[in-house]
Each structure stands twice: as C-alpha cells, then as structure tokens.
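Report on the following structure.
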Amino acid sequence: QVQLVESGGGLVQPGESLRLSCAASSSIFSINVMGWYRQAPGKQRELVATITSGGSGNYADSVQGRFTISRDNAKNTVYLQMNSLKPEDTAVYYCHAEFYKLGLSPLVRWGQGTQVTVSS
C-alpha cells in the first residue's frame with residue numbers, strides 16, 4: 001500500500017553538488033515526517049536530515065550548512081540538495097517516511113537506497 005522510490009545518486013568530485021529525490025505513494029495513507037539517512041562502509045546507518053509536513057527541517061552536525069532538505073507535498077516528494085560534497089559524504093543514502101491514517105497504526109518505510117560517491 002506504500003512505496004518510496006529514490007533517484008539522483010552518482011559519482012562527483014569534492015566540492016561539487018548532487019540532488020537526491022524520493023517520491024512516496026500510497027492509495028490510503030498520508031505522509032507525516034520524511035527524511036534521509038546514510039550508511040558508509042563499515043559504519044552504522046546515521047540520520048542526515050528530516051523535514052515535517054510543515055517544512056521544518058533539522059540536520060546532522062556533519063552536514064549543517066552544506067545540505068538542504070525540502071519537500072513538495074503536492075507531489076509527495078522529498079529532496080536533499082547536497083553542496084560542497086566531501087569524501088566523507090560517500091555512502092548509500094536512504095529515504096525514510098512515516099505514513100499514517102486515522103484508525104490505523106503508523107507505517108515506517110525505507111527507500112531502496114542510492115549510492116553517492118565523492119572522489120577525486
């Protein structure tokens with residue numbers, strides 16, 4: 001009943017930019033908080049940024065000032081604009097969303113993951 005599809009990953013040089021997109025769909029549920037997580041080789045999955053349905057975002061300290069999260073509620077899509085990329089940003093990035101509907105338990109779903117590689 002719910003689905004998240006990611007796109008926008010790739011290979012870039014340090015200092016360059018990428019924009020990730022994640023489109024959510026559901027025939028029944030509405031979408032509350034959306035966000036992005038990442039997992040680097042040998043590391044735990046960590047939160048990168050979240051955004052509420054009202055557009056309030058928050059960020060991990062490591063990306064503050066460089067990344068911007070946004071969403072288009074009409075399209076049920078969340079974006080992550082990544083500027084001034086560093087090799088340390090290399091990871092698989094996962095979209096995350098909370099789905100809800102009155103009378104039902106909330107659902108948490110993950111996107112399939114998209115690889116971001118920053119290397120010279």
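Descriptive notes on the structure:
- Carbon + sulfur, % of accessible area of the range 1-96 - ligands and nucleic acids excluded, 1.4 Å: 44 percent
- Mean separation of Cα contacts under 8 Å (6+ apart) over length of the chain, as relative contact order %: 35 percent
- Å² of accessible area per residue within the chain, as computed with a 1.4 Å probe and no ligands counted: 54 Å²
- Cross-link reach list, lysines versus residue 101, counting only Cα pairs under 23 Å and skipping chain neighbours closer than eight places: 75
- Each residue of the range 14-21 was assigned a 3J(HN,Hα) from its phi angle through the Karplus expression (A = 6.51, B = -1.76, C = 1.60, θ = phi - 60°), giving x, x, 8, 10, 9, 10, 9, 10 Hz with x at Gly and Pro.
- The chain: C-alpha gyration tensor shape, a/c 1.5 cut-off, then a/b vs b/c: prolate
- Fluctuation leader among 69, 51, 28 - the chain, Gaussian network, Cα springs under 10 angstrom: 28
- Residue 101 accessible area, 1.4 Å probe, all protein chains in place, Å² to nearest 10: 90 Å²
The values are calculated or read from the model by the stated rules, or taken from the named source; none is laboratory data. Note that the structure is a prediction, hence the values are computed from the model and not measured. The area values use the complete protein model at the heavy-atom level, side chains included, leaving out ligands, DNA and RNA. Shrake-Rupley method; radii C 1.70, N 1.55, O 1.52, S 1.80 Å.
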